[in-house]
Amino acid sequence: MTEVVGRALVLEEGLSLWGGMDPATGELIDAHHPQRGASLTGRILVMPSGRGSSSSASVLAESVRAGTAPAGIVLGEPDLILAIGAAVAEELYGIRVPVVVAPEVGAAMREGETVRIGHDGSVRRA
Amino acid sequence: MRLVVRAAEVSGAGGLIDITRAHVDSCLYHGQASLDFVARLADGGAAVSVPTTLNVGALDLIHPELNHGDAVTAERGRLLMDRYRALGAQPTFTCAPYQIADVRPSLGEQVAWGESNAICFCNSVLGARTNRYGDFIDIAAAITGRVPYAGLHRTDARRATLVLRLAADVPAALRDSDVLFPVLGIVLGRRAGSTVAAIEGLASGQSEDRLKALGAAAASSGSVAMVHVIGSTPEAPTLDAALQHQTPDRIELVHVRDLRQARDALTTEAGNELTAVSLGTPHASLVELERYAALLGDRRVHPEVECLISTGRDVLPAASERGILDRLREAGVELLVDTCSYIAPILRDPGGPVMTDSGKWAYYAPGNISARVVFGSADECINSAVAGRVVRDEGVWEEAS
């Protein structure tokens, strides 16, 4: 397993991927989210928590299949729904989207900076 | 089983426990990945090992003509629903399985439920125990009959650590109105995130329909999987019981201005125009259908407005027997089952403006189907459906200005 590198997309609020990301385009579509319109594709999604729908696991897996998924997800607290979505996507398509919990690194992260997620789940700001 | 073990790692559980039931959300089509996953299960010869209900799918199988989307996607949605049925799950296709008497778990029962509103209802109102299980892990739990012993399966994690107290400026009439509950739910989700909260300041013995609306909204604006409503939910006869006799981390007031703000934010359209009214999210109960019919009385829906109520197929027989279905249909209301109007191409003019009494529908529809939304009480919705334009009745909010 290799390291995952991408630019951080730092969300102030947690996002429910179902109802929050269009898996066909990778766009943030939650009308109530302050960062509506941002593209999640290829980014390291940094957010305090998951949110909302239990369908978010399917949306994550479908976005991996469609090539619109974030490159990795850094959370402030564990989220079973996203972790399982990523595990299924890896099982089905052999593509790994690491979902890691790193509250301190995540909180310090700035929009657009380069982030590396190691194969051991470590998160580093480059 | 690999998925259940992975879930145990994520949740830091020391072991697994048996469950008695599952409710599976994975049957709603989100793309090829949905079908690829269930095909993998079927190839491995999997079948559910505990009584398992299914959540909504992408299609109303009883009234397929209500789908206005493309035929290929509809067919794939139907195929996915069939595939889950073939694994041995019951074709309930409802987001409100707690309204089906013979599959409803009882106090203390360990289960694995998907669907955010059902999860919240299960823990809070039934006192049965589930974590927030998402797609894939829900069916994995149904097949293995096991889940990690972590989170809300454990008594200690069910303790309220946040107290939300209705402030003195919330008028009595608002406290006792249906419309308070979805709005308070939105506030709760924003304040609580994923923590267990206790709500203080409501009369005891609140109805299941009100608690359903509260939880559904809270699980949309936040990740609320359990809430104690003091005097109404089974693990909260008193605040002290909900706190498990400990001190809360936070006590916060909810003022009338917070409620107004949350209510106003659910409306994205300022005008009086209306193309549709969508009710029944989560799926309407028999009591709610009766109420909508009573609000309509002998009036009819305006010919230019599409008025839709989503409900479970399980509710249809009793509603039909009591003549409610006929009355609603005669008045021009369409009944939708097995799916919902914000996840499937049902509305003739999805852009709206669409009016709803559901906090959850109002929250998700702008993103999901690009609807412009007007949120209102059930009375306002029905009166607006009849008038053909948005009719407001500030009623319970008036004192609150």
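None of the figures in this text is laboratory data; all of them are computed from the coordinates on show. Since we're looking at a predicted model, the values are computed, not measured. Quick reminder, even Gly has a Cβ in these numbers, built from the backbone with ideal geometry, and neighbours come from all protein chains shown.
See the values below:
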read-out	value
Meets criteria (of a type in the set (A, V, I, L, M), part of a loop (DSSP other than H, G, I, E, B) and buried (at least 24 other Cβ atoms within 10 Å of the Cβ)) for B:V147	no
Single condition A:P78 does not satisfy, out of (1) in contact (Cβ under 8 Å) with a residue 12 or more places away in the chain; (2) more than 8 Å from chain B (Cβ to nearest Cβ); (3) surrounded by fewer than 24 Cβ atoms within 10 Å (Cβ to Cβ)	(2)
Breaking point among (1) more than 11 Å from chain A (Cβ to nearest Cβ); (2) polar (S, T, N, Q); (3) crowded, with 17+ Cβ neighbours inside 10 Å, for B:T20	(3)
Residues being of a type outside the set (V, I, T), within 14 Å of chain A (Cβ to nearest Cβ), touching a Cys at 6+ places or on another chain (Cβ under 8 Å) and in a loop (DSSP other than H, G, I, E, B) - total across the stretch B:172-230	1
Those residues of the stretch B:63-78 which are assigned to a helix (DSSP H, G or I) and out of contact with any Phe, Trp or Tyr (no Cβ under 8 Å at 6 or more places or on another chain), in sequence order	B:P64, B:E65, B:L66, B:A71, B:V72, B:A74, B:E75, B:R78
Output for the stretch B:244-268, where each listed residue is of a type in the set (A, V, I, L, M) and within 14 Å of chain A (Cβ to nearest Cβ)	B:A262, B:A265, B:L266
Single condition B:V72 does not satisfy, out of (1) under 24 Å from B:V333 (Cβ atoms); (2) surrounded by fewer than 22 Cβ atoms within 10 Å (Cβ to Cβ)	(1)
Residue check, B:A192 buried (at least 24 other Cβ atoms within 10 Å of the Cβ), within 18 Å of the chain's Cα centre (by Cα), closer than 18 Å to B:S124 by Cα and without any contact (Cβ under 8 Å) to a residue 60 or more places away in the chain	yes
Single match in A:S49, A:S39, A:S58 (criterion: surrounded by 24 or more Cβ atoms within 10 Å (Cβ to Cβ) and of a type in the set (S, T, Y))	A:S58
Among (1) facing chain B (nearest Cβ under 9 Å); (2) touching a helix residue (DSSP H, G or I) at 6+ places or on another chain (Cβ under 9 Å); (3) not basic (K, R) - the single one A:G14 does not satisfy	(2)
Among the candidates B:A385, B:A344, B:A318, B:A365, residue that is out of contact with any helix residue (DSSP H, G or I) (no Cβ under 9 Å at 6 or more places or on another chain) and not in a strand (DSSP E or B)	B:A365
Residue match in the stretch B:388-395 (condition: part of a helix (DSSP H, G or I) and more than 30 Å from A:V59 (Cβ to Cβ))	yes
Evaluation of B:R40 against (1) touching a residue at least 40 places away in the same chain (Cβ under 8 Å); (2) surrounded by fewer than 19 Cβ atoms within 10 Å (Cβ to Cβ); (3) at the interface with another protein chain (Cβ under 10 Å from one of its Cβ atoms) (one fails), failing number	(1)
Residue under evaluation A:P34, criteria (1) under 23 Å from B:P366 (Cβ atoms); (2) buried (at least 16 other Cβ atoms within 10 Å of the Cβ), criterion not met	(2)
